[in-house]
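The values are calculated or read from the model by the stated rules, or taken from the named source; none is laboratory data. For clarity, every value in this text was computed on a predicted model and none was experimentally measured. Here the Cβ positions follow ideal geometry from the backbone for every residue, glycine too, while neighbour counts run over all protein chains shown. Just so you know, the surface numbers come from the protein's heavy atoms only, side chains and all, with ligands and any DNA or RNA stripped out. Shrake-Rupley method; radii C 1.70, N 1.55, O 1.52, S 1.80 Å.
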Amino acid sequence: MKMKNELRARILGLFDFIGREILDFFEQTGFTILLLFQTIFYTKHVLRKWQEVVKQMYIAGVKTLLVCSLVGVFTGMILALQTGVEMSEYGQQAQVGHLIIASMTREMGPFMSAIILIASVGSAMAAELGTMKVSDEIDALEMMSISPVSFLVMPRVVALSIMLPIVSVYIITLASIGGGVVANSLLHVSYNVYFKHLLKGIHFKAMYVGLLKAYVFGIIISIIGCARGLKAESGELGVGHATRSAVVASFLMVLIIGYIITAFFYG
Amino acid sequence: MIKLINVHKAFNGKQVLKGFNLKIERGESFVIIGQSGIGKTVALRHIAGLVEPDSGDVLIDGVKMSGASSETRKKLREKMGVLFQSGALISWMTVAENVALPLAEHRLYPKSQIDDMVDEKLRLLQLFDARNKIPAELSGGMKKRVALARALMKSPEIILYDEPTTGLDPVMSSVINDLIRQMQHDFNVTSLVVTHDMKSAFHVGDRIGMLYDGVLVQCDTPDGIKNSTNQVVQQFINGSLEGPIKVVD
């Protein structure tokens, strides 16, 4: 009888947990969507906030330059090695540049940029705004009739939506160079031939779809980071939870929205 | 001027305010005392419109803050300044930028005029030399004074002080207490101070209210509170272990 009651309590506890998680998910999603609309509304203040936008662009772009460079070069080198070895069995290793630029512009460039900026910038936004929330700075802004959306969120979203396509192009460029080095040194493809095929592989549609993806990813990462930060609960644990959930949610949304954009243009 | 009528508020099923009533007259300095975690800050946040009551009304100059539209709330907040417990200064801005923020963000005056107003407030609070420092470089007392300077920028009719002396040494506590009195006398500001520092409460309060079990169990002058026959009040002001007050979880 006692065991039966314990089992019943555990099952009820599980349902309670699942229910609370589902409610929390819908609340967070609703808040994030509302925040996005408010941010769009406050973009009318973007010129007044240009200094903050530039500062956030600097954080997203310049401060992540080293890691972006390394990721770009090594992604190109791995791609060239993996595809080149297979292709050389059919004598097609000269085409490796074509493959690298196609995969980088269509998918890998925006995706790798998004991953780096989720880890470095999205998480920092959640932590920063979360700390401001728990130390009453957001309430202080409200008391001064200053909208936290206009003051904090909008400059971050504008900055990241501009920077992510730029970072993406930078990573694609470095991946092309990294791939060229491997193609030349290990696959014995001359630089001339490699870059000729690489240029052939650049398609206008792949470029604009890739840049569109990067732009949308920039909005997703920043809006989720800010929303989770603004919803942080008091205490250091609250900020940690907000940061972790911002990273997980951004990563999932980048994958899902990335697939939807790909399906829309190529499906 | 400030009225809370039968305010109830619960968080996660825990009832914090249970029919809380309060009336503060214009120009008065009212102090709410009580244990940590008893709901003093919650009461203050209701007046600031940062928390909505589950039931009951909050009135500022006869206008309802509870359930008000964002426009009405904004107008009511124009009359208020809040000194948060931590100071709540924007961490990446200098002292001068923090103090200028309420006016600069809304572009209410030309920049040169705002700069002059900032300098005036910083001199008043003896902070002029710290105008280019960031909050991380300031002591606890300086942070509170900067926050007070910021709260004064819009010449508020009401200032809400949340634990203004918590974490400060006795000398700095006296400085802050004197400033609260100075604001009241020089600018006819209505003050609400939330504290568990009895020395501060007796110094700054025209009247003191003791919050216990979700309601004000006694409101009286400092002398009335000192000579209270209420066991809760006596136990709290004397800090004795014996009495009706139990440790709050």
DSSP beta bridge pairing in the protein assembly as shown, given as percent antiparallel to the nearest 5: 55 percent
Computed label-point distance, nm, for sites residue A:260 and residue A:181 using a 7 Å Cα→Cβ extension: 3.8 nm
Point-charge dipole on Cβ atoms (K/R +1, D/E -1) for the protein assembly as shown, about Cα centre, debye to 20: 1040 debye
Length-normalised contact order of the stretch A:68-189 in % [C-alpha pairs under 8 Å, at least 6 apart]: 60 percent
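Quick one: longest stretch of chain A between exposed loop trypsin sites (Lys or Arg not before Pro), exposed meaning at most 16 other C-beta atoms within 10 Å and loop per DSSP?
Looking at chain A, A:64-267 is the longest stretch - no exposed trypsin sites (Lys or Arg not before Pro) with at most 16 other Cβ atoms within 10 Å.
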Calculated [θ] (222 nm, deg cm²/dmol) that DSSP helices of n ≥ 4 give over the protein assembly as shown, each run adding -39,500 (n - 2.57): -19500 deg cm²/dmol
Average beta-carbon neighbours from other chains, 10 Å sphere, peptide B:76-83: 2
Area accessible to solvent at residue B:185, 1.4 Å probe radius, in Å²: 130 Å²
Chymotrypsin sites (Phe, Trp or Tyr not before Pro) lying in DSSP loop within the stretch B:46-142, provided at most 14 other Cβ fall within 10 Å: B:92
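Structure shown: which of B:143/B:226; A:49/B:79; B:23/B:64; A:44/B:75 lie over 20 Å apart, alpha-carbon to alpha-carbon? Before the final figure, lay out each step's value.
Values: B:143/B:226 31 Å; A:49/B:79 27 Å; B:23/B:64 14 Å; A:44/B:75 23 Å.
Where the Cα-Cα span goes over 20 Å, the pairs concerned are B:143/B:226; A:49/B:79; A:44/B:75.
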Positive-end extreme of charge dipole, chain A - chosen from A:94, A:219, A:57 (charges on Cβ): A:94
Where trypsin sites (Lys or Arg not before Pro) fall in DSSP loop in the stretch B:81-161, at most 13 other Cβ within 10 Å: B:107
Rounded to the nearest 10 Å², the accessible area of residue A:27 at probe 1.4 Å: 100 Å²
Shielding of B:151-158 by partner chains, average beta-carbon count, 10 Å: 1
Residue B:63 paired with residue A:22, simple spin-label distance in nm, labels 7 Å along Cα-to-beta-carbon: 4.3 nm
Estimated distance in nm for a label pair at residue A:81 and residue B:229, the labels positioned 7 Å out from Cα along Cα-to-Cβ: 8.9 nm
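Would you mind working out the magnitude of the charge dipole of chain B relative to its Cα centre, with +1 at each Lys and Arg C-beta and -1 at each Asp and Glu C-beta, to the nearest 20 Debye?
Values: 30 positive and 29 negative charges, 88 e Å.
Result for chain B is approximately 420 debye, rounded to the nearest 20.
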Averaged over A:130-140, number of beta-carbon atoms from partner chains that fall within 10 Å: 5
Mean separation of Cα contacts under 8 Å (6+ apart) over length of chain A, as relative contact order %: 31 percent
